[in-house]
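The values are calculated or read from the model by the stated rules, or taken from the named source; none is laboratory data. Everything quoted here is computed from the prediction, not taken from an experiment. Note: ideal-geometry Cβ built from the backbone for every residue, glycine included; neighbour counts use all protein chains shown. In case anyone asks, the SASA skips ligands and DNA or RNA and just uses the protein heavy atoms, side chains included. Shrake-Rupley method; radii C 1.70, N 1.55, O 1.52, S 1.80 Å.
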Amino acid sequence: MSKKNKQTFLGGTVILAVAVAVVKVIGALYKIPLGNILGREGMTYFNTAYNIYSVLLAISTAGLPLAVSKLVSQARALGRYNQSRKILRMAMWLFVILGALGTALMYFGAAPLASLMNNSLAYWPIRALSVSVVCVCVMSAFRGYTQGQGNMMPSAISQVIEALFKLVVGLLLAWYVVDAGMGLEMGAAGAIMGVTIGSVIALLYMLANHLRHWRDDPAGEDTPNSGRTIIKRLLMIGIPITIGSSGMSIINTLDQSIALGRLQDVLQISEEAAATLYGEYSFGMTLFNFPSSFIPPITMSLIPAVSAAVARRDHRTANKVVSASFRLIALLALPAGIGLSVMAGPILRMLYPAQPEAAVAATYHLQLLGIASIFVCLMLLTNGILQAHDLAKIPVLTMFLGGLVKLAMNYVLIGNPDINIKGAPIGTLTCYALISAINLAVVYRVAEEKPRYLHLFGKPLAASVLMGLCAHFSYRFLSGVLGNTLATLGAIGIAVVVYLVLVLALRVITREDLEMVPKGDKIARILHIW
């Protein structure tokens, strides 16, 4: 792989990763104050609507944008620019239809959907989020097209715009509604209106960007395939990816419905009390999703890069990109997951000072979910690798198997009065560990160059464990002389420095790795990596 191609892949990954980092910071500034405003009960109403939204969004946008980016990158690699333009037109029809159906279902079916989730008070939050489905669907068509062109910037900017409006509008509406005494369910609906408005503004940006650059796109001399052929190809690629991605969203939604139902039936408590108890798990889930949010930028860059390489029969480039992705995951996911697990209690108490009981109750959940987040990252990456090699059916099967295990374990464990909601993170951890193990085995079997998992993960794991121990003992020492917030921040800062030192001392990062990122040679010289 040429240096240019390396930087094309990892340069796009860096752009999207930076956008995700900004979006997650904004998301934290949104979700954490929101948790303090709504509490455990109100956050359950919010998450009920968001889980339904995630299912519809995954069905309509999880696979098709990747299919668009894959087909566009293949067409452009072969000089078929007219083909790439027609791919966008055909995809747009699909996205508009799917988005409109999803919006109609959430708006007109809010009451039955809330009842299905054993959470009837989530009616208004579900309705408030309905318009977002069609907006994000259309926006995803544009994102898939620009990503297929190798341009990740529009997607990155639109994500930041979406997050900013969600933060400002959502928090203001949630605070105003709750302060006015309209009820926690209406406060959750106000918070979700920020998501809807953010998606509308982000869609307008993507449309303006497309119109501005449409004429700059080179015209080709090729004759594009028929619309029916393109749609058929989009569906053949997108449907397996969609099933794999939406499968877990569906399972998570069913899981919440089962959990709320079992809590009410077994413990004989009210719907509001069950929502409060489930809110303990929800508080842990907010941070659990943080590490895995950095994986989509890698897979969104990986799939078109590998697909284009395969179209050129350049298997060496494909293998290099896959190896680089594994190294990135090892360096990011392991310390993030172990850090969340070790520092679960202090972090939650720092972030939710207005909900001290919820923070204490959620500590157990986050300790297990922190480890589970590592396996989520591995699952997402291996899904992308298998999809890029036209093995999209494998992630579907492993997701289905893991999901069944999760639902069965949660039904039994939550149904045990002595365990109840504490069974939820156990089922989650088991589910993602099983999926990751199977996916890693399949990747090893089908890869032309067998990945050396011990070599890839051994040193980062050792560095992450030592970092976790350092964070634990640093917090115990600092908490004796400082308050929880300062002690937590100090322990995290010390742990980060220790991890960086260990990464360099153990030679986890090589010069070849750094050469694959912009200014990598300069960074290598500064760090004396040869």
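Data for the structure
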| quantity | calculated |
| --- | --- |
| The stretch 183-199 residues that are within 20 Å of Arg40 (Cα to Cα) and in contact (Cβ under 8 Å) with a residue 24 or more places away in the chain, paired with ones that are surrounded by fewer than 24 Cβ atoms within 10 Å (Cβ to Cβ) and charged (D, E, K, R) (beta carbon under 6 Å, 6 or more apart) | Leu184/Glu41 |
| Selection within the stretch 373-397 - surrounded by fewer than 24 Cβ atoms within 10 Å (Cβ to Cβ) and either of a type outside the set (A, V, I, L, M) or free of Cβ contacts under 8 Å to residues at least 12 places away in the same chain (or both) | His389, Asp390, Lys393, Leu397 |
| Unmet requirement for Ser120, which otherwise passes all of (1) modelled with pLDDT of 80 or more; (2) surrounded by 24 or more Cβ atoms within 10 Å (Cβ to Cβ) | (2) |
| Residues satisfying the stated conditions in the stretch 325-351, i.e. among the charged types (D, E, K, R) and under 14 Å from Ser479 (Cβ atoms) | Arg349 |
| For Ile161: the one exception among (1) within 24 Å of the chain's Cα centre (by Cα); (2) within 27 Å of Ile251 (Cα to Cα) | (2) |
| Any hit, the stretch 506-520, residues being at pLDDT 65 or above and crowded, with 17+ Cβ neighbours inside 10 Å | yes |
| Total residues in the stretch 450-464, condition open to solvent by less than 70 Å² (accessible area, probe 1.4 Å) and more than 14 Å from Val501 (Cβ to Cβ) | 5 |
| Scan of the stretch 108-117 for residues that are at pLDDT below 85 and either open to solvent by less than 50 Å² (accessible area, probe 1.4 Å) or outside any helix (DSSP H, G or I) (or both), ordered by number | Met117 |
| Of all residues in the stretch 401-430 being surrounded by fewer than 18 Cβ atoms within 10 Å (Cβ to Cβ) and of a type in the set (D, E, K, R), the one that is nearest to Asn252 (Cα to Cα) | Lys422 |
| Total residues in the stretch 348-369, condition under 20 Å from Lys24 (Cβ atoms) and either of a type in the set (Lys, Arg) or surrounded by fewer than 23 Cβ atoms within 10 Å (Cβ to Cβ) (or both) | 3 |
| Lone qualifier among Leu129, Leu105, Leu172, Leu164 - being open to solvent by less than 40 Å² (accessible area, probe 1.4 Å) and not β-branched (Val, Ile, Thr) | Leu129 |
| Within the stretch 470-487, tally of residues that are free of Cβ contacts under 8 Å to residues at least 60 places away in the same chain, assigned to a helix (DSSP H, G or I) and not basic (Lys, Arg) | 6 |
| Residues satisfying the stated conditions in the stretch 66-120, i.e. farther than 22 Å from Ser155 by Cβ and touching a Pro at 6+ places or on another chain (Cβ under 8 Å) | Arg80, Asn82 |
| Number of the condition not met by Arg143 [criteria: (1) touching a Pro at 6+ places or on another chain (Cβ under 8 Å); (2) under 30 Å from Ala259 (Cα atoms)] | (2) |
| Scope the stretch 175-185; condition open to solvent by less than 60 Å² (accessible area, probe 1.4 Å) and in a helix (DSSP H, G or I); matching residues | Val177, Val178, Leu184, Glu185 |
| Which listed residue is assigned to a helix (DSSP H, G or I), out of contact with any His (no Cβ under 6 Å at 6 or more places or on another chain), aliphatic (A, V, I, L, M) and closer than 30 Å to Leu263 by Cα, from Leu456, Leu440, Leu466, Leu434 | Leu434 |
| Ile59 β-branched (Val, Ile, Thr), open to solvent by 30 Å² or more (accessible area, probe 1.4 Å), modelled with pLDDT of 80 or more and assigned to a helix (DSSP H, G or I) | no |
| Leu94 closer than 17 Å to Tyr50 by Cα and either buried (at least 19 other Cβ atoms within 10 Å of the Cβ) or of a type in the set (A, V, I, L, M, F, W, C) (or both) | no |
